[in-house]
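Data first, discussion second: the structure below is written as structure tokens.
The values are calculated or read from the model by the stated rules, or taken from the named source; none is laboratory data. Here the structure is a predicted model, which is why all the values come from computation and not from measurement. Here the Cβ is made from the backbone with ideal geometry for all residues, glycine too, and neighbour counts use every protein chain on show. When the accessible area is computed, the model is the full protein with side chains, heavy atoms only, and any ligands, DNA or RNA have been set aside. Shrake-Rupley method; radii C 1.70, N 1.55, O 1.52, S 1.80 Å.
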Amino acid sequence: MHYDLNLLPVFVTLMEERNVTRAAERLGITQPALSNALARLRLMMKDQLFIRARYGIEPTPLARDLAPVIAASLAKIDDLVRGQQEFDPAKAQRQVTVATNSYVEFGLIPAVVARLKDVAPGIRLRMIPYGSDLAETGIISGTTEMVFGRIVGAPDNLVVQHLMDDGLACVVRADHPEVGDRLTPAQYERLKHVNVMPPGRLRAGLYQKLEQAGLKRDIAVSVTHFLAVPELIAVTDYCTMLPRVICQRLMHDPRLKVLPTPIDLGTFPVEMAWHVRYRNDPAHRWLRGLIADVAKVVVAGEMRAGG
């Protein structure tokens with residue numbers, strides 16, 4: 001029997017998206033073309049494969065059984081083909097989907113984009129959010145090419161690389177009436193705080209460190225992104241505690257003053273992960289190296305700034 005191998009990526013995309021419209025968009029084809037491909041898939045497999053559901057489509061039992069086998073086979077083919085391809089960063093044209101938390105997006109990605117602009121202007125980054133659920137990012141299926149943050153409990157089909165370690169610092173307004181060049185534990189607890197709700201593991205780690213250190217915060221306002229912090233701190237007598245890489249950016253704001261934390265709260269890791277199918281992809285491998293190099297520069301700049 002002859003199989004139309006062009007139908008297999010269609011099957012995998014439908015399994016991952018569970019929505020005909022999104023699958024067609026991702027494959028770059030029209031909905032009628034996708035419907036035609038699905039009809040041929042059903043004929044080939046002698047099964048409905050997908051049935052209509054309230055919010056899209058649901059796979060049949062046979063489709064669920066086929067999915068891991070087909071996905072693994074395509075991944076092996078991708079790995080072999082990409083490993084043979086030559087890569088010239090200066091001429092490359094590629095969009096790379098990466099999942100990041102707000103910390104990485106604010107603290108690391110701008111430096112990555114600046115480097116890409118100089119050495120690989122045709123590589124474009126598309127960012128999607130990463131909280132704490134790896135499955136929601138698409139990284140486990142390989143549709144998202146990289147994920148950044150604190151990565152815990154990664155499955156076997158992900159490769160995890162340590163990028164850097166960061167610490168914490170405090171920020172108050174430059175002319176704060178109560179705080180000079182340092183912040184004591186008593187002052188820290190007496191001040192009201194702007195609390196950034198960091199994503200996933202970062203939030204749990206910060207709260208745990210504060211609890212272990214016995215430091216308490218009187219939280220006046222909680223925000224969802226680091227970009228909200230400068231304006232709030234600049235017009236109040238509040239305090240905030242942020243990663244040092246973020247504080248490095250805020251040091252350029254004359255309205256703000258960055259100070260060491262009242263006690264040592266240690267560091268936290270920042271990691272990068274990718275699906276094994278990209279292990280030998282020359283473009284992906286090159287980009288991983290660039291990002292690792294940029295992370296070293298960012299940390300070195302932070303260390304100089306913290307002086």
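Residue check: V235 meets all listed conditions (1) crowded, with 21+ Cβ neighbours inside 10 Å; (2) hydrophobic (A, V, I, L, M, F, W, C); (3) out of contact with any strand residue (DSSP E or B) (no Cβ under 7 Å at 6 or more places or on another chain); (4) over 30 Å from L158 (Cβ atoms) but one, namely (1).
Check whether at least one residue in segment 259-277 is in a helix (DSSP H, G or I), at pLDDT below 90, over 23 Å from E145 (Cα atoms) and among the hydroxyl-bearing types (S, T, Y), and report yes or no.
So in segment 259-277, the residues in a helix (DSSP H, G or I) come out as 276-277.
Among the residues that remain, those that are also at pLDDT below 90 are: 276-277.
Now narrow it down to the ones that are over 23 Å from E145 (Cα atoms): none.
Scanning segment 259-277 turns up no residue that is in a helix (DSSP H, G or I), at pLDDT below 90, over 23 Å from E145 (Cα atoms) and among the hydroxyl-bearing types (S, T, Y).
Pairs under 7 Å by beta carbon, first residue in a strand (DSSP E or B) in segment 219-232, partner of a type in the set (D, E, K, R), six or more apart or different chains? Filtered contacts from segment 219-232: A220/K192. One residue stands out among those in segment 165-175 that are touching a residue at least 12 places away in the same chain (Cβ under 8 Å) and surrounded by fewer than 20 Cβ atoms within 10 Å (Cβ to Cβ): the one that is farthest from L232 (Cα to Cα), which is D165.
Kindly provide the set of residues from segment 126-149 that are assigned to a strand (DSSP E or B) and buried (at least 21 other Cβ atoms within 10 Å of the Cβ), ordered by number.
Step one: filter segment 126-149 for residues assigned to a strand (DSSP E or B), giving 126-129, 146-149.
Those that are assigned to a strand (DSSP E or B) and buried (at least 21 other Cβ atoms within 10 Å of the Cβ): M146, V147, F148, G149.
Could you list all residues from segment 43-58 that are closer than 15 Å to M15 by Cβ and surrounded by 13 or more Cβ atoms within 10 Å (Cβ to Cβ)? Once the filter is applied, which keeps residues that are closer than 15 Å to M15 by Cβ and surrounded by 13 or more Cβ atoms within 10 Å (Cβ to Cβ), segment 43-58 yields M45, D47, Q48, L49, F50, G56, I57, E58.
Would you pick out the residues in segment 185-215 that are open to solvent by 70 Å² or more (accessible area, probe 1.4 Å) and modelled with pLDDT under 90? Write out each step before concluding.
Taking segment 185-215 first, the residues open to solvent by 70 Å² or more (accessible area, probe 1.4 Å) are 189-190, 192, 197, 201, 203, 207-208, 211-212.
Selection gives M197, R201, R203, Y207, Q208, E211, Q212.
Can we say V10 is outside any loop (DSSP other than H, G, I, E, B) and touching a helix residue (DSSP H, G or I) at 6+ places or on another chain (Cβ under 7 Å)? The answer is yes for V10. Taking the listed residues D281, D253, the one that is more than 24 Å from the chain's Cα centre (by Cα) and acidic (D, E) is D253, with no other qualifying. Residues that are touching a Leu at 6+ places or on another chain (Cβ under 8 Å), open to solvent by less than 30 Å² (accessible area, probe 1.4 Å) and at pLDDT below 90 are absent from segment 29-42. Being touching a helix residue (DSSP H, G or I) at 6+ places or on another chain (Cβ under 7 Å), open to solvent by less than 90 Å² (accessible area, probe 1.4 Å) and acidic (D, E) is a property that D78 has. Just for segment 45-65: of the residues that are modelled with pLDDT of 90 or more and of a type in the set (A, V, I, L, M), which one is nearest to L5 (Cα to Cα)? In this case the residue turns out to be M45.
Residues considered: P269, P254. Of these, the only one that is surrounded by fewer than 18 Cβ atoms within 10 Å (Cβ to Cβ), farther than 21 Å from G131 by Cβ and touching a residue at least 12 places away in the same chain (Cβ under 8 Å) is P254.
State all residues of segment 238-247 that are open to solvent by 50 Å² or more (accessible area, probe 1.4 Å) and either at pLDDT below 90 or assigned to a helix (DSSP H, G or I) (or both); if no residue qualifies, say none. Don't jump to the end; show me each part of the working.
Just the residues of segment 238-247 that are open to solvent by 50 Å² or more (accessible area, probe 1.4 Å), to begin with: 238, 244.
Selection gives R244 alone.
Scanning segment 66-91 for residues that are in contact with a strand residue (DSSP E or B) (Cβ under 8 Å, 6 or more places away or on another chain) and modelled with pLDDT of 90 or more yields a total of 1.
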